[in-house]
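Peer 1: I'd like to ask some things about the structure below.
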């Protein structure tokens with residue numbers, strides 16, 4: 001006769017083990033990724049018109065933040081339009097075109113407000129101006145709010161990772177874009193961190209505009225290899241975009257041994273490279289893009305309600321293969337619970 005009591009005990013133990021396993025996962029997720037943002041704020045200010053002006057849509061992080069901002073805006077019944085500046089030379093024209101459309105708010109995506117402060121001053125009484133990565137300053141007098149992590153923190157995490165991973169023997173090339181104030185801020189901080197490592201070498205501090213990265217990265221890589229050879233074993237960049245285009249040149253140079261780390265922003269392509277374990281890029285310091293997009297919507301909602309900004313500052317996340325193996329790439333900041341938190345503020349549910 002079958003021993004039903006024994007089978008039943010095994011079944012109960014299995015269920016208890018399964019429950020314990022899921023509790024551990026929950027506790028791990030809430031420990032690593034827990035909601036630290038606002039829990040109170042004004043109710044939904046619906047039916048607003050927002051124009052998002054991008055510095056350059058080639059920057060995949062801008063595209064991703066816009067997509068998530070649209071998702072948040074749908075809940076608020078906002079009309080959201082997008083303008084691609086296609087580089088700094090076109091932004092002023094696009095900025096004026098946006099003003100003519102008489103929106104409730106204009107978002108500066110990835111460019112500094114200073115060159116446009118006269119326009120902003122003229123229209124700020126009827127248009128809310130907000131920024132996403134609009135300079136290294138967490139607060140800017142020209143903007144209601146500037147959504148960004150602290151660029152200094154991002155750069156420090158990336159540079160510290162290089163120092164540690166190389167056992168303090170890194171020969172580093174830094175790639176940055178001097179047209180972007182955030183880029184320069186990150187690059188300077190990475191240089192400062194590396195200078196404290198007496199056995200590390202900063203080989204090159206290379207200005208390469210993001211808008212030209214796809215066209216010029218091959219030439220730059222060949223020049224660096226010719227000048228530094230095997231001394232060049234690490235690359236630090238201010239954005240993942242550089243590493244989208246450096247793959248083929250490094251392969252042609254037979255330099256797949258070079259280790260690449262990005263101080264921002266955590267693009268989908270970068271996650272795929274890092275997850276594979278076969279790429280020169282081994283880490284990126286990711287912005288919590290989805291969270292920042294929803295925060296941007298919440299800050300505008302506060303402005304429309306006549307309230308002050310929340311004062312919330314997001315934290316960067318060091319993304320490595322080990323982290324990606326634990327979480328699907330789209331879940332890295334989803335576990336922060338921001339959608340639920342902001343919907344509760346806006347709609348009480």
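The values are calculated or read from the model by the stated rules, or taken from the named source; none is laboratory data. Worth saying up front: this structure is predicted, and the values here are computed from it rather than measured. For neighbour counting, all protein chains shown are included, and Cβ atoms are generated from backbone atoms with ideal geometry for every residue, glycine included.
Peer 1: Being buried (at least 19 other Cβ atoms within 10 Å of the Cβ) and within 17 Å of residue 72 (Cα to Cα) is the filter; apply it to segment 315-340 and report the residue that is modelled with the highest pLDDT.
Peer 2: If we take residues in segment 315-340 being buried (at least 19 other Cβ atoms within 10 Å of the Cβ) and within 17 Å of residue 72 (Cα to Cα), then 338 is modelled with the highest pLDDT.
Peer 1: Out of 163, 193, 172, which single residue is surrounded by 24 or more Cβ atoms within 10 Å (Cβ to Cβ) and more than 20 Å from residue 131 (Cβ to Cβ)?
Peer 2: 172
Peer 1: Of everything in segment 71-98, what is modelled with pLDDT of 95 or more and either more than 23 Å from residue 124 (Cα to Cα) or not in a helix (DSSP H, G or I) (or both)? Give them in sequence order.
Peer 2: 71, 72, 74, 75, 76, 77, 78, 79, 80, 81, listed by residue number.
Peer 1: Right, next: Name every residue in segment 244-262 that is buried (at least 23 other Cβ atoms within 10 Å of the Cβ) and under 17 Å from residue 64 (Cβ atoms), in order of residue number.
Peer 2: Once the filter is applied, which keeps residues that are buried (at least 23 other Cβ atoms within 10 Å of the Cβ) and under 17 Å from residue 64 (Cβ atoms), segment 244-262 yields only 262.
Peer 1: Related question: Collect the residues in segment 218-245 that are under 22 Å from the mean Cα position of the chain (by Cα) and in a helix (DSSP H, G or I), keeping them in residue-number order.
Peer 2: 241, 242, 243, 244, 245
Peer 1: Do we have residue 178 as in a loop (DSSP other than H, G, I, E, B), at pLDDT 90 or above and touching a strand residue (DSSP E or B) at 6+ places or on another chain (Cβ under 8 Å) here?
Peer 2: yes
Yes/no per residue for (1) over 25 Å from residue 320 (Cα atoms); (2) in contact with a strand residue (DSSP E or B) (Cβ under 8 Å, 6 or more places away or on another chain); (3) part of a loop (DSSP other than H, G, I, E, B):
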{"position": "139", "(1), (2), (3)": "yes, yes, yes"}
{"position": "163", "(1), (2), (3)": "no, no, no"}
{"position": "169", "(1), (2), (3)": "no, no, yes"}
{"position": "183", "(1), (2), (3)": "no, yes, no"}
{"position": "206", "(1), (2), (3)": "no, yes, no"}
{"position": "211", "(1), (2), (3)": "yes, no, no"}
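Peer 1: Considering only segment 129-142, state which residues are over 18 Å from residue 317 (Cβ atoms), surrounded by fewer than 24 Cβ atoms within 10 Å (Cβ to Cβ) and out of contact with any helix residue (DSSP H, G or I) (no Cβ under 7 Å at 6 or more places or on another chain).
Peer 2: Selection gives 137, 139, 140, 141.
Peer 1: Next question. Answer yes or no as to whether residue 107 is surrounded by 21 or more Cβ atoms within 10 Å (Cβ to Cβ) and not in a helix (DSSP H, G or I).
Peer 2: yes
Peer 1: Still on this structure: It is to be established whether one or more residues within segment 111-128 are under 25 Å from residue 217 (Cβ atoms) and part of a loop (DSSP other than H, G, I, E, B).
Peer 2: For segment 111-128, residues under 25 Å from residue 217 (Cβ atoms) and part of a loop (DSSP other than H, G, I, E, B): present.
Peer 1: Condition (residue is within 16 Å of residue 234 (Cα to Cα), surrounded by fewer than 23 Cβ atoms within 10 Å (Cβ to Cβ) and at pLDDT below 95) applied to segment 264-273: is it met by at least one residue?
Peer 2: Within segment 264-273, not a single residue is within 16 Å of residue 234 (Cα to Cα), surrounded by fewer than 23 Cβ atoms within 10 Å (Cβ to Cβ) and at pLDDT below 95.
Peer 1: May I pose another question? Which ones in segment 294-314 are in contact with a strand residue (DSSP E or B) (Cβ under 8 Å, 6 or more places away or on another chain) and modelled with pLDDT of 95 or more?
Peer 2: 295, 296, 299, 300, 303, 304 - these are the residues of segment 294-314 that are in contact with a strand residue (DSSP E or B) (Cβ under 8 Å, 6 or more places away or on another chain) and modelled with pLDDT of 95 or more.
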